[in-house]
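The values are calculated or read from the model by the stated rules, or taken from the named source; none is laboratory data. Quantities reported herein were computed from a predicted structural model and do not represent experimental measurements. Here Cβ is always computed from backbone atoms with ideal geometry, including for glycine, and neighbour counts include all displayed protein chains. These accessible areas exclude ligands, DNA and RNA; they are computed on the full protein's heavy atoms, side chains included. Shrake-Rupley method; radii C 1.70, N 1.55, O 1.52, S 1.80 Å.
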Amino acid sequence: MVVLAASIVSKSGKALVSRQFVDMSRIRIEGLLAAFPKLVGTGKQHTYVETENVRYVYQPIEGLYLLLITNKQSNILEDLDTLRLLSKLQYSNTMVSLTFGKVPEYSPSLDEEGVCKTAFELIFAFDEAISLGNKENVTVQQVKQYCEMESHEEKAHKLMMQAKINETKDVMKKKANELDKMRMERGKLDKGGYSSISGPRVIEKTFNDMSISGSRFGSGSGLGGLSTDMDSFASKPKGRPSQPATAPGKGFGMKLGKTQKTNQFLESLKAEGEVILEDVQPSTVPSRSSALPPSDPVTVTIEEKLNVVVKRDGGISNFDVQGTLALQVLNDADGFIQLQIENQDIPGLSFKTHPNINKELFNSQQILGAKDPNRPFPSGQNETPLVKWRIQGMDESSLPLSVNCWPSVSGNETYVNIEYEASEIFDLHNVIISIPLPALREAPSVRQIDGEWKFDSRNSVLEWSILLIDQSNRSGSMEFVVPPADPSTFFPISVGFSASSTFSDLKVTGIHPLKEGNPPKFSQRARLLTANYQVV
């Protein structure tokens, strides 16, 4: 007996699963299966049909046929026995199924969708029941056992590997606890309490008796915890101090060096596939002072951050601007000063000064000065926030950048057109528009773009970047194509950029010395950033 193929077909002859046991082209097997429904008669009791070349042995199963194609020289009794074996495997559970044994777990319904989902399990079971066209002397339980392929050695290996992983994680936690203890001990020994800050330590001499150290005054504890991280700034007036600024005493924060043993330990973890997050050493943290050392005795930093949520169909859910002015004085002698500021009169603009700033003087004359003129501003490498402000109530016309997304499905593809329009007020730098995409195996097909693009396959995000938006390119567009997807997949769109001017246009117009002598030279730098800018 030679079984040419074992198949599952629909009533119309559509092949759902077919396993050939002899060399046979796809066209031939499809032709044989397509001809089968035409040969099956109605009202007949037998379950086989013969043609000139082959014999069909079949069994109806609801809307499908379980079918064996054999040559005419095969033993019909053995063919029927093979069909009964497959039938027993199918009906080995209460619920009829096609997966030989553990069927309900794989194919809970006997329809085309259920069979196609379990195609590989069915093929494996066919191979266990029939080998090289001949029926194997196996039982239903044996086929079930062969398909499950349980291995004691494999289980033991997995348990051993999991034990090693758990042991390595425990060692890693112990090492991390040891490093934390070392940091705490060294932090207690640090006189200035700046063990976590890189660069020279600064011991405040003037504001300590007001219970405000330079670090605490600069942290904005009374101002809502403003961030003072500045990466790059706009151009500032050049100038050198009339007298050389006194450099603060050299000293360094706590530095933790990794020993060779620790490095070997981390390398071994990486070799075993563990994801290791390296501890960032305080000495290597990029700080403002190390990245851009001040060249003037007094430096003023003005920064505004945008929190914007724009609706995809128009309108604004949130438009909030938060700003801060921070002061950096290199030495104590230049700390006896007052700052004269000015700004645009914008509706919805409100200021809030630090508790140690003279509020009456600021409200009446827009001068920033300490309540006690006998105490200077803190000096050193840290910036001290003096005033913060907030702008609310602005409308959509004030947005620095508007982004519109137009996805449309056409056939088996989705065409996405995105355009931006920038305000005439700002020149935007390092613009990045991040568009979420459906899960893709390959990068989308970008048909047209003004700028550059990059596909982040891990997060499935398309990043559209424009280095500079100025008068030459106030508007731009991009078009790309992806497989069919729901339009909501492409939202929310995140936008990031920076600018060298601010909404409030706040600036320092002059410095008033509180002691005799010329006012120290100063520089000021301003920028606009996006904290959260989305189109939802």
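Taking the conditions (1) more than 30 Å from residue 184 (Cβ to Cβ); (2) at pLDDT below 90 in turn, residue 298 satisfies each one other than (2).
The number of residues in the range 152-181 that are of a type in the set (Lys, Arg) and either open to solvent by less than 100 Å² (accessible area, probe 1.4 Å) or touching a residue at least 60 places away in the same chain (Cβ under 8 Å) (or both) comes to 3.
Conditions (1) part of a strand (DSSP E or B); (2) more than 30 Å from residue 338 (Cβ to Cβ), marked per residue:
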site	(1), (2)
438	no, yes
443	no, yes
472	no, yes
479	yes, yes
489	no, yes
502	no, no
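Take the conditions (1) in contact (Cβ under 8 Å) with a residue 12 or more places away in the chain; (2) assigned to a strand (DSSP E or B); residue 425 misses just one of them, which is (2). Selection of the range 396-418 for residues being more than 17 Å from residue 488 (Cα to Cα) and charged (D, E, K, R) yields only 396.
Pairs linking a residue in the range 118-144 that is touching a residue at least 24 places away in the same chain (Cβ under 8 Å) and within 17 Å of residue 20 (Cα to Cα) to a residue that is acidic (Asp, Glu) and part of a helix (DSSP H, G or I), with Cβ atoms under 9 Å and 6 or more positions apart or on different chains, are 134/78; 135/78; 135/79; 135/81.
Let's see how each residue does on (1) of a type in the set (Asp, Glu); (2) outside the structural domain of residue 479 (by the TED database):
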{"site": "389", "(1), (2)": "no, yes"}
{"site": "409", "(1), (2)": "no, no"}
{"site": "415", "(1), (2)": "no, no"}
{"site": "419", "(1), (2)": "yes, no"}
{"site": "423", "(1), (2)": "no, no"}
{"site": "429", "(1), (2)": "no, no"}
{"site": "434", "(1), (2)": "no, no"}
{"site": "441", "(1), (2)": "no, no"}
{"site": "451", "(1), (2)": "no, no"}
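Residue-level check: of (1) open to solvent by less than 10 Å² (accessible area, probe 1.4 Å); (2) out of contact with any strand residue (DSSP E or B) (no Cβ under 7 Å at 6 or more places or on another chain), residue 295 misses just (1). Looking only at residues of the range 133-180 that are of a type in the set (Ser, Thr, Tyr) and part of a helix (DSSP H, G or I), we find that the one that is modelled with the highest pLDDT is 168. Could you list, in sequence order, all residues of the range 487-536 that are free of Cβ contacts under 8 Å to residues at least 24 places away in the same chain and at negative phi? Answer for the range 487-536, where residues must be free of Cβ contacts under 8 Å to residues at least 24 places away in the same chain and at negative phi: 488, 516.
A quick yes/no check of all residues on (1) in a loop (DSSP other than H, G, I, E, B); (2) open to solvent by 10 Å² or more (accessible area, probe 1.4 Å); (3) in contact (Cβ under 8 Å) with a residue 24 or more places away in the chain:
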position: 9; (1), (2), (3): no, no, yes
position: 12; (1), (2), (3): yes, yes, yes
position: 18; (1), (2), (3): no, yes, no
position: 30; (1), (2), (3): no, yes, no
position: 33; (1), (2), (3): no, no, yes
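For the criterion of being at pLDDT 95 or above and closer than 27 Å to residue 347 by Cα, residue 510 fails.
Remark: residue 418 falls outside the filter, which requires a residue to be open to solvent by 60 Å² or more (accessible area, probe 1.4 Å), within 22 Å of the chain's Cα centre (by Cα), touching a residue at least 60 places away in the same chain (Cβ under 8 Å) and more than 30 Å from residue 329 (Cα to Cα). Got at least one residue in the range 61-74 being open to solvent by 70 Å² or more (accessible area, probe 1.4 Å), touching a helix residue (DSSP H, G or I) at 6+ places or on another chain (Cβ under 9 Å), in contact (Cβ under 8 Å) with a residue 40 or more places away in the chain and closer than 18 Å to residue 114 by Cα? No, the conditions are met nowhere in the range 61-74. The residue that is farthest from residue 423 (Cα to Cα), among those in the range 461-487 that are open to solvent by 20 Å² or more (accessible area, probe 1.4 Å) and under 18 Å from the mean Cα position of the chain (by Cα), is 461. Restricted to the range 492-508, and to residues there that are under 19 Å from residue 522 (Cβ atoms) and hydrophobic (A, V, I, L, M, F, W, C), the residue that is surrounded by the most Cβ atoms within 10 Å (Cβ to Cβ) is 506. Restricting the range 181-192 to residues that are part of a helix (DSSP H, G or I) and closer than 23 Å to residue 381 by Cβ leaves a set whose member that is modelled with the highest pLDDT is 183. Residues that are open to solvent by less than 30 Å² (accessible area, probe 1.4 Å) and in contact (Cβ under 8 Å) with a residue 60 or more places away in the chain number at least 2 in the following strands (runs of 3 or more DSSP E) confined to the range 299-410: 316-329, 337-342, 384-391, 401-410. The criterion of being at pLDDT below 75 and either open to solvent by less than 70 Å² (accessible area, probe 1.4 Å) or not in a loop (DSSP other than H, G, I, E, B) (or both) holds for residue 99. Restricting attention to the range 504-528, the residues that are over 38 Å from the mean Cα position of the chain (by Cα) and not in a strand (DSSP E or B) total 8.
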